[in-house]
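I have placed the structure first, in the form of structure tokens, so that the comments after it can refer back to it.
Just so it is clear, none of the values below were taken in a lab; they were calculated from the coordinates. Quantities reported herein were computed from a predicted structural model and do not represent experimental measurements. FYI the Cβ positions are ideal-geometry reconstructions off the backbone, even for glycines, and counts take in every protein chain you see.
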Amino acid sequence: MRGLQHQEGKQLFYGMMGSVALLGVTLAIGMRFSDSWRVFSLVGTSIILGAQPAAVASIALGFHPFMGAVMSILANLIPVPVLMLAFQEIIEHWRWVRNRVKRIQRWSLKYERYGVALVSVLSPFIGSYVCIAIGDGLEWNPVTTLAATFSTTILSVFLITYGEQWVIGLFAR
């Protein structure tokens, strides 16, 4: 039992270090192109509300569409390593959650083939964190779930930032 607890603590430590590294990269990129209050506003918006609302806020904060999209996406990734590990901890330690997840897993077996595609299409609407939790809870391949979820998130964020810039350009003339 002691070895298992040590392993769980080690995984959580690595997850937190991954999140801190993503935060550092995001802040370093942001501080290079803007001042601190704008960068922290964008990072906070992306973590709390998601990448799409942060993409909208990035243009209002004065970021170039490309930099706003990159910052929104990177900041949205910050909690993912910790969330993935924390969700597994919750499933392992709380029996009532584990029972519900097992029931949902049995139900989802017939949809497993299309599940990742469906979740990836829904990620801009329900959020990447929810999609990752669904994939993690249903024991889908984490790499496939992350890749599918963030590919649609990336696409939607770039469409939002460049689309918003285009609309602003229409009215600025």
Q) 222 nm [θ] for the chain, helices only, -39500 (n - 2.57) per DSSP H run of 4+, per residue, to 500? A) -29500 deg cm²/dmol
Q.
Output the 0 to 90 degree angle, nearest 10, between the alpha-carbon long axis of helix 36-49 and the longest principal axis computed from the alpha carbons of the chain.
A. 40
Q) Can you work out the FRET efficiency for the pair Gln105 and Asp35, with r the C-beta to C-beta distance and R0 = 45 Å, to the nearest 0.05? A) 0.45
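Between Ser151 and His93, what is the FRET efficiency for a Förster distance of 30 Å, r being their Cβ-Cβ separation, to the nearest 0.05? Please list the in-between numbers first.
On the way: r = 32 Å, r/R0 = 1.07.
The value I calculate is 0.40.
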Q. What FRET efficiency comes out for the pair Ala28/Leu49, r = Cβ-Cβ distance, R0 = 35 Å, nearest 0.05?
A. 0.95
Q | In degrees, nearest ten, helix 51-60 long axis to first principal axis of the chain (Cα) | A | 20
Q.
Once you keep just the Cα pairs under 8 angstrom separated by 6 or more residues, what percentage relative contact order results for the stretch 99-173?
A. 31
Q: Go from 0 up to the bin containing the longest alpha carbon distance in the chain, width 10 Å each, and give me the % of pairs per bin.
A: 10, 32, 31, 18, 7, 1, 0
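Stokes-Einstein at 25 °C, 0.890 mPa s, Kirkwood radius from Cα pairs: D for the stretch 22-102 in µm² s⁻¹?
On the way: Rh = 13.6 Å.
For these conditions, the coefficient is 180 µm²/s.
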Q. Kirkwood hydrodynamic radius (Cα pairs, Å) of the stretch 70-126?
A. 13.6
**Q.** Phi to ³J(HN,Hα) by Karplus 6.51 cos²θ - 1.76 cosθ + 1.60 over the stretch 63-71, Hz, x for Gly, Pro
**A.** 7, 5, x, 5, 5, x, 5, 4, 5
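By how many nm would the segment from Tyr162 to Met16 grow when fully extended, if each residue of separation counts as 0.36 nm and the alpha-carbon distance is taken off?
Values: separation 146, 0.36 × 146 = 52.56 nm, distance 3.24 nm.
That pair, Tyr162 and Met16, stretches by 49.3 nm at full extension.
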